[in-house]
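None of the figures in this text is laboratory data; all of them are computed from the coordinates on show. Since the model is a prediction, treat every value here as computed from it, not as a measurement.
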Amino acid sequence: DLHARIMFERLCRETAEAERARVEAAAREREENAAWARNAADAERERAEVPAKVEAIDKAEEEVFSAASSSARESAEVDEAEEESQKATEEEKEEAEGQVAEQATAGAGAEAEAEAEGQVTEQATAGA
């Protein structure tokens, strides 16, 4: 009977070890399945987010291009305004120089006229 008892205990021990290994394998399989399910859910969520991300990127690109285009237009307008301002300044300068020349000519003419009148007056006085 001792031999049968030892054999029974060994059988129980081996059965318990086999059951524990089976339970551990089932737990590992459940963990792997859960991880796979999480990964699949993450991948599905990412796939679902892709159109929204693409749309957001497209919108951001449009805004950047629009801002760049607007900036280029504004820059061109500023350049044009500066060019017009420079032309106007040059025209005003030329006009002012012309007026100074006219005034100088008029002033010289007035001096010559005054001098001539002075000579006429002197001659008239001398003649009288």
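Values for this structure:
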quantity	calculated
Rg/Rh for region 1-61, where both radii come from Cα atoms and Rh is the Kirkwood radius	1.62
3J(HN,Hα) from dihedral phi, region 20-37, Karplus parametrisation 6.51/-1.76/1.60, rounded to Hz, x for glycine, proline	4, 5, 5, 5, 5, 5, 5, 5, 4, 5, 4, 4, 5, 5, 5, 5, 4, 5
CD proxy at 222 nm, helix term only [per DSSP H run n ≥ 4: -39500 (n - 2.57); per residue of the chain; nearest 500]	-38000 deg cm²/dmol
Rounded to whole Hz, the Karplus (6.51, -1.76, 1.60) HN-Hα couplings of region 68-77, x for glycine and proline	5, 5, 4, 5, 5, 4, 4, 5, 5, 5
Normalised per residue, the volume of the convex hull around the Cα set of the chain (Å³)	124
